[in-house]
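Each remark here refers to the structure printed beneath this line.
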Amino acid sequence: MSNDHAQWTTVDRYFTDLLAPADDALDAALADSTAAGLPEIAVAPNQGKLLHLLVATQGARNVLEIGTLGGYSTIWLARALPADGRLITLEYDPKHAEVARGNLARAGLDKTVEVRVGAALDTLPLLEQEGAGPFDFVFIDADKVNNPHYVSWALNLSRPGTLIVVDNVGRAGKVATPHPDDPAVTGTREMIELVAREPRLDATAFQVVGTKGYDGLLVARVLS
Ligand code: SAH
Ligand code: DHB
Ligand code: MG
């Protein structure tokens, strides 16, 4: 495992240096997140770049993120928006939100991005009441136990053609078998099974290895 991980990291560095290089705002976002004691679980640079490319390909103007942390993935997402685009990102922990606001301001994205504090299951209904949707792109990366609810909400707040991406669906391979003792695995499995039986969604999921270890990503398109 450790040899594998060393190799995944080497290859990630090779890809990232050429195709998803950091800049001052991205570097500072990670550095300030770490300095503030946030967990080092932001998406890898090449995953951030994938999110960026998907938002651009969507021609998205209205993006929703569930799970902000220090705003690292948020920067990748928001930089793909047109000048009049906007992004709402939902974060439970006020300290994470505060760090994210600083990182987003330094990246010049404070007019584009709104960080909303609260449990996403409380703030998502408010988005619906406000008519904040439909969103063109939704990135789900918060507490994994609630993933089935987050996908249902993403669907509620979508239009035909909306793309929904869910992080961390591989869980080091644990996802393939029931783990009643692990609510993150249970939530992820329930989410995948919900997506599979939902006729409004067309989806795939794949395993990912890299600097963050062995995990996976789900991508779903809203059909109707
Ligand atoms: N998307 C980020 C990483 C997010 S880590 C990136 O890649 O840069 C997961 C985040 O979800 C944490 O900041 C955590 O506080 C937040 N979170 C956990 N439970 C939540 C909830 N119920 N509602 C909203 N956010 C939640
Ligand atoms: C964890 C959460 C994430 O969103 C992630 O990408 C990696 C790890 C975690 O809670 O451990
Ligand atoms: Mg994640």
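Below is a table of values for the structure above.
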{"read-out": "Extension gain, L126 back to A203 (0.36 nm per residue minus Cα-Cα distance, nm)", "value": "25.0 nm"}
{"read-out": "Ranking of K144, K174 by count of other Cβ atoms within 10 Å, fewest first", "value": "K174, K144"}
{"read-out": "Label point at F15 placed 7 Å out along Cα→Cβ; residues across region 44-79 whose backbone nitrogen lies under 15 Å", "value": "44-54"}
{"read-out": "Choice from L77, L126, L50 showing the highest fluctuation, given a GNM over the chain with Cα pairs closer than 10 Å", "value": "L126"}
{"read-out": "The chain: relative contact order as a whole-number percent, Cα under 8 Å and 6+ apart", "value": "18 percent"}
{"read-out": "Region 38-86: trypsin sites (Lys or Arg not before Pro) falling in loop per DSSP and having at most 16 other Cβ within 10 Å", "value": "R61"}
{"read-out": "Compactness of region 2-222, expressed as Rg and Dmax over alpha-carbon positions, Å", "value": "16.5, 50"}
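A short reminder: the numbers here are calculations on the coordinates, not readings from a lab. Not measured: the values here are computed from a predicted model. Reconstructed Cβ throughout: ideal geometry from the backbone, glycine too, with neighbour counts over all protein chains shown.
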